[in-house]
Each structure stands twice: as structure tokens, then as C-alpha cells.
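The values are calculated or read from the model by the stated rules, or taken from the named source; none is laboratory data. On a predicted model such as this, the values are computed, not experimentally measured, just so you know. Because the Cβ atoms are built from the backbone with ideal geometry, glycine has one as well, and the counts that use them run over all protein chains shown. These accessible areas exclude ligands, DNA and RNA; they are computed on the full protein's heavy atoms, side chains included. Shrake-Rupley method; radii C 1.70, N 1.55, O 1.52, S 1.80 Å.
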Amino acid sequence: MRDKIAVAGVGASPQGKFPGATPITLATTAFKRALDDCGLKKEQIDGILTMPGTTSPEGALNYLRFGEAVGINPRYTGSKNMGGGTAGALLHEAAMAVHCGFANYVACVFGDTAATGGNKFNRASGWGDSWGIWGFMAAAANSAITASRHMALYGTTSRQLGEIAVACRRHASMNPEAVMRTPITIEDHQASRFIVEPLHLLDCCLISDGAVCVIVTSAERAKDLRQPLVTIAGMGQAYTTENMEREDWWYVPHQKMAVADAYAMAGVGPRDIDVAQLYDNFTSSVLVWFEHAGFCKVGEAGSFVEGGRIQLGGELPINTAGGNLSESYMEGWLHLVEGVRQVRGQCGERQVQGAEVCLVTGRGQALNCANATILKKG
């Protein structure tokens, strides 16, 4: 399937806090913007894949409610929720649906009102509520374990985590759509309050209202549309049922396997990546992605992020729109949007010069669902 499928259109609603908005209204805006981006008409969309988001079932986005809202009876449809791994998983499903002839144009849609609509991020971390009695409340708890273990094993420091937060905020300052645009320093990071030690406030992602739509079709059809061709060169997914009962649970190799499969399909390696959009629900998550994606050896991610290496102008710019940490928390969907725009060369002052190959990663349900996508200039 290498380079046979393309991301033809991308669109996002405004991001932030919108009392009174619903996942459906926000998703409809994102869908319209994605249609306008690629020049398609609504009637040409014959596939719909949705992610419900974090709001209650009554307000959640699903394929039936969205299809009704936009007036489409799709040939191919469904909903899936793998947390931050869903964007990549649905993109891959859409690619397979197009490749197999189940649909010609598939809209992958996410909409959520986590900031104002009653989200579920305050629940106990882990399976059910069994970990809540130990104080594991919300996702910051498991990521704090990852960070503290990495620090204990390899000497990683909080200031090195701060390098990731600072880089994402610097990039967000160049993004007019980002929620958090005021630049920060390492000192700002260090002074921010602890959420779950060793994670500071500025190590943690945002909680946001918003929506995103990505439209997938064949590369041949995409050539006739409005935007420069961006193909899906490689895809990889891997899953694990491991959890914190295992001491090194975050190094269960499924993330590495997902990236390796994407590299293999695309015929590229770490040195070929011009820009990366790495899933960043917390700064500690990014550390692990650097190692699993082969940009550095295990244990070396802390020093790898120093010296501006991951900022614009550095060796490997990451999360160039600001990521989950500063742009908006759309559970990784905006990482796909930014990846596409970087490969198209449409990012203005935050554009990575000569960017032709982008790695996008996703991770969800604590750490259990991982995927990787290689986007390439057509």
C-alpha cells in the first residue's frame, strides 16, 4: 500500500473552551473545513469513521449522529475509541477501506467538549477503579511513574522534560490557532506546580474543546484535488495488555514495533525523518517515543532533547504546531493535521524547510494502543 493512499484534506474547528458547543457542532465545522481544504463536495464522501471523544454517551460523536448531522448515508462507516491511539488507527482503517474499494473518500472525524462538556479525565487511572485506591487518579499518575523510572535508571532530569515543554510552546507561539501561545522558559517549567511528582503543570497536556477532520482517498484521486499530494507511505500498529504490574511496562516493545512496521512499509529509517509529530499527552511520553523510534538509544532521550535539537532549526523538530502540550488536546488528531501541512509546505514561519517525510505517532489507553504513520510528499 506504500504511497497508494493519500490524505487529501484536513480541517479543524477553533480550539479552546466553547460553552454551549457540542461534539457534533464542532465536528461539522471541522468537516466543512476539510472539504474546503481539498475541494470535495459533501456528496462525494462515502465513508465516515468517528471517534466518540471523552464526553458522556449522550453527547459523544458517533457515525450515526454525525452522518445524520451532515446528511450522508455512507457506504462504509464505524466508530472506534482507543484514546490517543484512535487518530492513527482510524486513518489506517480509512486507508485500508479505500484500498479495498469499500469507499472512495473517507472522512475521519473527532469532536469533543472535554473542557466544558463534562469529560471523563478525572476518573481513576488504570482498569476500572482498581488503581484509584492507591491514588492513581487520571492519566498523569501512570506517566509520572514512567518519568520517575526513567530518571532513576538513566539520570534523566526534570529540566530535560522541560526542554520538550519549551519546544512545544515555542512552536505554538507561531501558530495562530494554538490555545497556549505565550513562550515559556525552563525556569517557568520548573516553577510550575507539581501535578504528580515529578511531573509539573507544564509537563501536562491541555484539556480542550474542538474537532478535527481528515479526508482519505487514493493517491490517484488526490492528484486531481486542490492540495499538493501527501501520501501515506507507511503504517504500523501494535498493542499490549501489559500494565504497571510489570516494572518496565512502558518499554514493552509494542511502540517500537509499530514504528518499525511503518518504517519498513515506507522504506525509510530514523535518519530519513525531516519532522516528527510525537504523541505528547505528557513530556515523559515524548522521551519514550524518541527511543522507540530509533532517534537515540534507550536511556539517552534526556540528553537528546537538549541544545535546541528538537526545536525549529534543530536536527529533529517535533510537534511544530505545539502538540497536545500547547496547541490543543485533540488526542493526537491535530498531529496528523500538522504533519500533512508540514509535508505540503504550508506552515508559514514554523515551516521546516525541505520537509518531505514526517513521522506521526499515537498512543492511547494508558500506553496499550500504539501506532505510527509515515507521511510523504507525493
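Along the axis of the charge dipole computed for the range 220-348 (Cβ charges of +1 for Lys and Arg, -1 for Asp and Glu, origin at the Cα centre), the listed residues 275, 323, 294 are led at the positive end by 275. Between the helical axis of 140-154 and the longest alpha-carbon principal axis of the chain there is an angle of about 50 degrees.
Descending by average beta-carbon neighbour count within 10 Å, the peptides 349-356, 27-34 line up as 27-34, 349-356, the highest first.
Rounding to the nearest 10 and keeping the result within 0 to 90°, find how far the Cα-based axis of helix 158-172 lies from the longest principal axis of the chain. Long axis of 158-172 versus the principal axis of the chain: about 30 degrees. Please compute the contact order of the chain in relative form: average sequence separation of alpha-carbon pairs under 8 Å and at least six residues apart, divided by the residue count, as a percent. Reported relative contact order: 25 percent. Between the residues 74, 207, 308, the greatest Cα displacement towards the positive end of the dipole of the chain, with unit charges on the Cβ of Lys, Arg, Asp and Glu, is found for 74. Summed over qualifying helices (DSSP H, 4 residues or more, each -39500 (n - 2.57)) and divided by its residue number, the chain shows a 222 nm mean residue ellipticity of -9500 deg cm²/dmol.
Take every DSSP beta bridge with both residues inside the chain and express the antiparallel ones as a percent of the total, to the nearest 5.
Values: 38 of 52 bridges.
Beta bridges within the chain, antiparallel portion: roughly 75 percent.
Simple point charges give the picture: +1 on the Cβ of Lys and Arg, -1 on the Cβ of Asp and Glu, and for the chain a dipole about the Cα centre of about 660 debye.
Please compute one quarter of the surface area of the Cα convex hull for the chain and express it in square nanometres.
Details: hull surface 65.9 nm².
Computed as one quarter of the Cα hull surface, the answer is 16.5 nm².
Taking other residues whose beta carbon is less than 12 angstrom from the beta carbon of residue 74, and scoring Lys, Arg as +1 and Asp, Glu as -1, yields -1. Based on the alpha-carbon gyration tensor of the range 251-374 and its eigenvalue square roots a ≥ b ≥ c, which shape applies: rounded if a/c is under 1.5, prolate if not and a/b is larger than b/c, or oblate? Rounded, since a/c falls under 1.5. Here is the link list: 297/376; 32/376; 32/256; 17/297; 41/377. Which ones come out longer than 28 Å on Cα distance? Listed pairs above 28 Å: 32/256; 17/297.
Among 226-236, 16-26, 263-273, 163-173, what's the highest-first ranking by average C-beta atoms within 10 angstrom per residue? Before the final figure, lay out the partial values.
Values: 226-236: 21.4, 16-26: 18.5, 263-273: 16.5, 163-173: 25.4.
The packing order, highest mean first, is 163-173, 226-236, 16-26, 263-273.
Could you tell me whether the range 184-331 comes out rounded, prolate or oblate from its Cα gyration tensor? Rule is a ≥ b ≥ c as square roots of the eigenvalues, rounded for a/c under 1.5, then prolate if a/b exceeds b/c, otherwise oblate. Since a/c reaches 1.5 and a/b is larger than b/c, the shape of the range 184-331 is classed as prolate.
What the chain shows is 38 Å² of accessible area per residue, with the surface traced by a 1.4 Å probe over protein heavy atoms. Among 278-291, 71-84, the peptide with the highest mean count of other Cβ atoms within 10 Å heads the list, and the full ranking is 278-291, 71-84. The share of accessible area on the chain that comes from carbon and sulfur is 50 percent, using a 1.4 angstrom probe.
Rounded to the nearest 20 debye, the dipole magnitude of the range 273-365 is 100 debye, with +1 charges on Lys and Arg beta carbons, -1 on Asp and Glu beta carbons, and the Cα centre as origin.
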